[in-house]
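The values are calculated or read from the model by the stated rules, or taken from the named source; none is laboratory data. Just so you know, these numbers come straight off a predicted model, no measurement behind them. Cβ placement follows ideal geometry from the backbone for every residue including glycine, while neighbour counts extend to all protein chains displayed.
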Amino acid sequence: MNTGDPALITAAKESILETINENQAALKINGIYAKLPAGDYTVGEAWSGDIVGAQWYLPKGVGTDVLGFWRPPTGQTMIGNDLLVVPAAAKNPRLAHEFINFMLDEKHGYDNFVNWNGYQPPFTSIDPDKLIDDGVVPENLAAAVVTEDMFKKDLTPVELPPSVDQLWLDAWAEIKAGA
């Protein structure tokens with residue numbers, strides 16, 4: 001991640017193409033949270049919030065024990081968070097700021113997480129262990145819980161120079177063409 005080394009980018013591309021070709025894998029964007037519980041997918045690459053949210057899409061009577069989540073070891077996990085922004089030319093910037101303030105309010109942000117989307121907001125007020133103890137995140141999905149320490153030790157995507165970004169975009173175009 002974040003590399004500009006053409007050999008590493010090529011190796012990543014070739015590994016993805018090999019997985020697709022040897023396993024009849026398909027490239028899909030989004031939908032893990034609903035399509036995995038529905039049985040449309042058996043394995044998927046997704047953000048932790050997708051698997052936490054998947055519990056709400058399981059068929060009636062199916063327990064969360066059918067779900068699982070694996071992440072690489074500490075220091076090798078990609079970590080990030082979604083952003084809320086206000087465009088410089090926003091028609092209603094005050095209203096947009098109020099919306100952001102609403103979502104950054106601990107109660108509303110937490111409610112959005114546990115009742116709607118499964119994406120854990122980066123609030124220091126959230127105790128990761130309590131999420132499991134309270135059943136917000138099933139114990140078998142404990143690896144999907146994000147800790148503050150992960151933001152310090154794990155890998156954060158950064159903006160790449162245009163020439164490096166183009167290497168990744170070219171590799172992705174080859175993956176999509178070969179899939």
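For Ala96, state whether it is hydrophobic (A, V, I, L, M, F, W, C) and outside any helix (DSSP H, G or I).
Details: hydrophobic (A, V, I, L, M, F, W, C): yes; outside any helix (DSSP H, G or I): no.
The answer is no for Ala96.
Please name all residue pairs, on different chains or six or more residues apart, with Cβ atoms under 6 Å, provided the first residue is in the range 36-49 and is touching a residue at least 12 places away in the same chain (Cβ under 8 Å) and the second residue is part of a loop (DSSP other than H, G, I, E, B) and surrounded by fewer than 20 Cβ atoms within 10 Å (Cβ to Cβ).
Hits for this filter: Leu36/Gly44; Pro37/Leu58; Gly49/Tyr119.
Condition first: β-branched (Val, Ile, Thr) and over 23 Å from Tyr110 (Cα atoms). Now tell me which residues in the range 40-94 satisfy that.
Result: Thr42, Val43, Val62, Val66, Thr74, Thr77.
Select from the range 135-169 the residues that are free of Cβ contacts under 8 Å to residues at least 12 places away in the same chain and surrounded by 14 or more Cβ atoms within 10 Å (Cβ to Cβ) and list them in ascending order.
Residues satisfying the conditions do not exist here.
When the range 11-29 is examined, which residues are found to be touching a helix residue (DSSP H, G or I) at 6+ places or on another chain (Cβ under 8 Å) and modelled with pLDDT under 85?
Those that are touching a helix residue (DSSP H, G or I) at 6+ places or on another chain (Cβ under 8 Å) and modelled with pLDDT under 85: Ala25, Ala26, Leu27, Lys28.
Being hydrophobic (A, V, I, L, M, F, W, C), within 28 Å of Trp168 (Cα to Cα) and part of a helix (DSSP H, G or I) is the filter here; which residues of the range 24-67 pass it?
Scanning the range 24-67 gives Ile32, Ile51.
Got a sec? Which of Val137, Val145 is out of contact with any Lys or Arg (no Cβ under 9 Å at 6 or more places or on another chain) and closer than 29 Å to Thr19 by Cα?
Among Val137, Val145, only Val145 is out of contact with any Lys or Arg (no Cβ under 9 Å at 6 or more places or on another chain) and closer than 29 Å to Thr19 by Cα.
Tell me which residues, restricted to the range 2-23, are part of a loop (DSSP other than H, G, I, E, B) and surrounded by 13 or more Cβ atoms within 10 Å (Cβ to Cβ).
Taking the range 2-23 first, the residues part of a loop (DSSP other than H, G, I, E, B) are 2-5.
Matches in the range 2-23: Thr3, Gly4.
Considering only residues of the range 38-59 that are modelled with pLDDT under 90 and surrounded by 15 or more Cβ atoms within 10 Å (Cβ to Cβ), which is farthest from Asn23 (Cα to Cα)?
Applying the first criterion (modelled with pLDDT under 90) to the range 38-59 yields 38-47.
Okay, now just the ones that are also surrounded by 15 or more Cβ atoms within 10 Å (Cβ to Cβ), so 41, 44, 46-47.
On the way: Tyr41: 13, Gly44: 13, Ala46: 18, Trp47: 22 Å.
Within the range 38-59, the match that is farthest from Asn23 (Cα to Cα) is Trp47.
Just one of Ile16, Ile29 is without any contact (Cβ under 8 Å) to a residue 12 or more places away in the chain, closer than 21 Å to Pro157 by Cα and among the β-branched types (Val, Ile, Thr); which is it? Lay out the reasoning, then the answer.
Values: Ile16 fails: without any contact (Cβ under 8 Å) to a residue 12 or more places away in the chain.
Matching residue, one of Ile16, Ile29: Ile29.
When you look at Ala88, is it exposed (fewer than 14 other Cβ atoms within 10 Å of the Cβ) and farther than 30 Å from Lys35 by Cβ, yes or no?
yes
Name every residue in the range 105-123 that is surrounded by fewer than 13 Cβ atoms within 10 Å (Cβ to Cβ) and of a type in the set (A, V, I, L, M, F, W, C), in order of residue number.
Taking the range 105-123 first, the residues surrounded by fewer than 13 Cβ atoms within 10 Å (Cβ to Cβ) are 106-107, 111, 115-116.
Matches in the range 105-123: Trp116 only.
Can Gly80 be described as outside any loop (DSSP other than H, G, I, E, B) and of a type in the set (Gly, Ala, Ser)?
Judged against the criteria, Gly80 is not a match.
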